[in-house]
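This report refers to the structure that appears directly beneath it.
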Amino acid sequence: MSMETNRRQALRTMAAAALSTQTSRILGANDRVNVAVIGVGGRGTAHVNEYSKLDCHIAAICDVNQAAQERAVALVERNNGHKPEVFTDMRKLFESKNVDAVSIATPNHWHALAAIWAMQAGKDVYVEKPCCYNPFEGKQMIAAARKYNRIVQAGTQSRSMPHMREAVELLRGGVIGKVYMAKGLCYKRRPSIGHKRDQPTPPGINWDLFLGPAPLRPFNELRFKYNWHWFWDTGNGDIGNQGVHEMDIALWGLGATALPKHVVSTGGKFLYKDDQETPNTQIATYDFGDAQMVFEVRGIPGPDEGPLKRHGFNVVGDIFYGSDGYMATDSSGYWVYKGEKGELAQQGKAEKGDTAPHMENFLGAVRSRKREDLHAEVAVNVLSSDCCHLANISYRVGRRLQWDGRERFVGDAQADALLTRHPYRAPYIVPEKV
């Protein structure tokens with residue numbers, strides 16, 4: 001690399017750091033944080049409602065869909081009595097000096113780039129799960145958070161649920177002895193999405209901005225709104241949708257801080273003849289050396305899992321196995337079973353609400369400027385997101401994979417190619433250098 005190239009890179013770094021400082025308002029401990037919500041569809045609407053209850057100011061909303069913009073503006077006016085600024089292109093929002101932090105509820109394929117652009121503009125970030133669409137993006141998000149000294153919270157809100165924090169503390173304290181296995185369950189009913197033909201883009205939707213880094217394709221209703229989860233261009237299947245919550249809890253309970261040594265995932269799209277690309281049935285097994293993790297996705301009705309058995313079908317939760325018993329957890333509580341007969345020894349119930357405490361934790365860290373105050377700092381969620389990605393990569397290449405402990409698979413170029421997107425669609429490129 002030439003001296004001139006080094007000089008140009010240094011100047012770009014200095015300029016970006018200066019921009020980060022100039023666009024950040026210095027907040028006191030009692031200041032209200034000015035928040036913008038990016039992506040105000042189903043989950044984004046929940047963001048608007050939750051921030052409306054907290055000590056912050058919803059300064060702006062951003063969405064590629066005009067109808068979604070209008071609904072969000074009306075919701076802010078109804079909840080808080082003021083009209084937020086409205087943006088279609090998030091790049092314009094990032095230029096605003098009236099915004100301290102952004103809350104990202106876009107489809108998965110936009111999470112990392114939106115977060116990186118926001119950090120480069122001096123904004124703190126709350127980003128929905130999975131925080132990254134692929135492992136390369138997760139690495140770049142962590143690098144940006146460190147370089148620009150940004151507060152970045154991921155939306156795995158179980159980390160802020162008192163009963164879940166209590167359950168993990170019990171596991172740490174040896175309530176079931178040495179934990180040797182965790183099982184994550186995502187038995188979430190997912191009906192067939194059917195078939196839809198491509199059509200002209202409806203008025204009021206900026207389809208180019210919706211696709212962003214993904215390949216340019218004709219508008220299709222099934223690739224818009226919620227069903228984008230089931231297409232590889234934009235989603236990660238249910239293991240990276242609902243499942244990443246349970247994946248995160250499983251890793252948390254195991255105390256895992258690095259990716260597994262080996263992963264293998266099998267499954268398929270069974271019974272349905274439709275346009276969905278991702279599996280509706282999937283099992284992944286992870287080898288951590290001294291512990292194992294098993295994860296199961298099932299979108300078709302079937303029997304519930306033992307200690308998490310409920311009426312109906314939707315069962316999502318985790319089971320931890322130890323030398324002295326086992327623990328089951330879900331959003332409603334935790335249960336500890338001990339002894340040869342598996343008798344209930346201890347339990348805890350959930351308090352109401354989960355997202356608001358998690359956002360409150362984020363806002364507190366924005367004020368304190370201490371990333372260690374966060375319950376789900378970006379590096380934590382990159383680990384759980386990457387475990388989902390590794391399972392999907394194993395599923396797609398059809399074999400067991402060995403991780404090299406750094407950033408590649410051992411002797412598998414085909415699997416390595418799925419660690420990032422080839423290519424990113426200009427100008428929506430996740431940068432090699434943040």
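What the table below lists for this structure:
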item	result
Selection count where residues are touching a Leu at 6+ places or on another chain (Cβ under 9 Å), of a type outside the set (Asp, Glu) and either in a loop (DSSP other than H, G, I, E, B) or farther than 20 Å from Ala214 by Cβ (or both), scope segment 375-418	14
Failed condition for Ala182, given (1) surrounded by fewer than 21 Cβ atoms within 10 Å (Cβ to Cβ); (2) among the hydrophobic types (A, V, I, L, M, F, W, C); (3) assigned to a strand (DSSP E or B)	(1)
Cβ-Cβ under 6 Å pairs, at least 6 apart or on other chains, segment 255-268 side in the same structural domain as Asp238 (by TED's automatic domain parsing), far side of a type in the set (Asp, Glu) and surrounded by fewer than 19 Cβ atoms within 10 Å (Cβ to Cβ)	Pro260/Asp287; Lys261/Asp287; His262/Asp287
Scan of segment 330-359 for residues that are out of contact with any strand residue (DSSP E or B) (no Cβ under 9 Å at 6 or more places or on another chain), of a type in the set (Asp, Glu) and surrounded by 13 or more Cβ atoms within 10 Å (Cβ to Cβ), ordered by number	Asp354
Total residues in segment 140-162, condition surrounded by fewer than 20 Cβ atoms within 10 Å (Cβ to Cβ) and part of a helix (DSSP H, G or I)	5
Cβ-Cβ under 8 Å pairs, at least 6 apart or on other chains, segment 119-144 side under 22 Å from His375 (Cβ atoms), far side in a helix (DSSP H, G or I) and among the acidic types (Asp, Glu)	Lys129/Asp248; Cys132/Asp386; Gly138/Asp386
Candidate set from segment 286-329 (those that are of a type in the set (S, T, N, Q) and surrounded by fewer than 18 Cβ atoms within 10 Å (Cβ to Cβ)); member that is farthest from Lys341 (Cα to Cα)	Asn314
Every residue from segment 285-299 that is free of Cβ contacts under 8 Å to residues at least 40 places away in the same chain, part of a loop (DSSP other than H, G, I, E, B) and out of contact with any helix residue (DSSP H, G or I) (no Cβ under 8 Å at 6 or more places or on another chain)	Gly289
Count of segment 271-284 residues which are buried (at least 18 other Cβ atoms within 10 Å of the Cβ) and either assigned to a strand (DSSP E or B) or not assigned by TED's automatic domain parsing to the domain that holds Glu221 (or both)	2
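Conditions tested, residue by residue: (1) β-branched (Val, Ile, Thr); (2) assigned to a strand (DSSP E or B); (3) surrounded by fewer than 18 Cβ atoms within 10 Å (Cβ to Cβ).
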| residue | (1), (2), (3) |
| --- | --- |
| Ala36 | no, yes, no |
| Glu70 | no, no, yes |
| Ala74 | no, no, yes |
| Val86 | yes, yes, yes |
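The values are calculated or read from the model by the stated rules, or taken from the named source; none is laboratory data. As the structure is a computational prediction, the values presented were derived from the model and not from experiment. Ideal geometry is used to build each Cβ from the backbone, glycine not excepted, and the neighbour counts take in all protein chains shown.
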